[in-house]
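Following: one structure in C-alpha cells, then a few remarks.
The values are calculated or read from the model by the stated rules, or taken from the named source; none is laboratory data. These numbers come from a predicted model, not from an experiment. Don't worry about glycine lacking a Cβ; one is built from the backbone with ideal geometry, like all the others, and counts go over all protein chains shown. Ligands, DNA and RNA are excluded from the accessible area calculation, which covers all protein heavy atoms including side chains. Shrake-Rupley method; radii C 1.70, N 1.55, O 1.52, S 1.80 Å.
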Amino acid sequence: MANKEVFLESLRSQYRSDIKMVISECQHFGRTWLDVDALNSKLGELHDFASMAGLSEDEWLELIYELSPEVYENLDFGVIAA
C-alpha cells in the first residue's frame, strides 16, 4: 500500500498538469458521473504508468477534488462524497 501512496503523491506533485489534463479529457461536456475506466485508460498512456494498476473510484475522487474542484462540483455524488 505504501507504493500506492507514493504513486498518488507523485501524481499530485510531479504530474499535476498531466493529471489535470487527463481529468479534463475524460470528464468533459458536463459529464456528471465519474468515468473511472476512461480515467485509468488515459492514465495508463502517460509516461510509464501502464505498469501500475488503475486507481480506484475513491482515489480518482480525491485527485479530482484536489486538482479540479470545478469538475468535482459537477459530479452528481460530489456533495455526498465530500
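Angle between the Cα long axis of helix 57-67 and the longest principal axis of the chain, 0 to 90 degrees, nearest 10?
The two axes meet at around 80 degrees.
Length gain on complete extension for the stretch E5 to R31, per 0.36 nm per residue less the alpha carbon to alpha carbon distance?
6.6 nm
Towards the positive end of the charge dipole of the chain, with charges on Cβ (+1 Lys, Arg; -1 Asp, Glu), say which of S13, H28, L75 has the farthest Cα.
Of the listed residues, the answer is S13.
Once the Cα atoms of helix 2-13 and of the chain are each reduced to a long axis, what angle between those two axes, in degrees from 0 to 90 to the nearest 10, is obtained?
For helix 2-13, the angle is close to 60 degrees.
Treating the angle as unsigned and between 0 and 90°, give the value, to the nearest 10°, between the Cα long axis of helix 16-26 and the longest Cα principal axis of the chain.
The answer is roughly 50 degrees.
Just the accessible area per residue of the chain, please: how many Å² with a 1.4 Å probe?
61 Å²
Once the whole set of protein chains is in place, how much accessible area is left on M21, using a 1.4 Å probe, in Å² to the nearest 10?
Rounded to the nearest 10, the figure is 60 Å².
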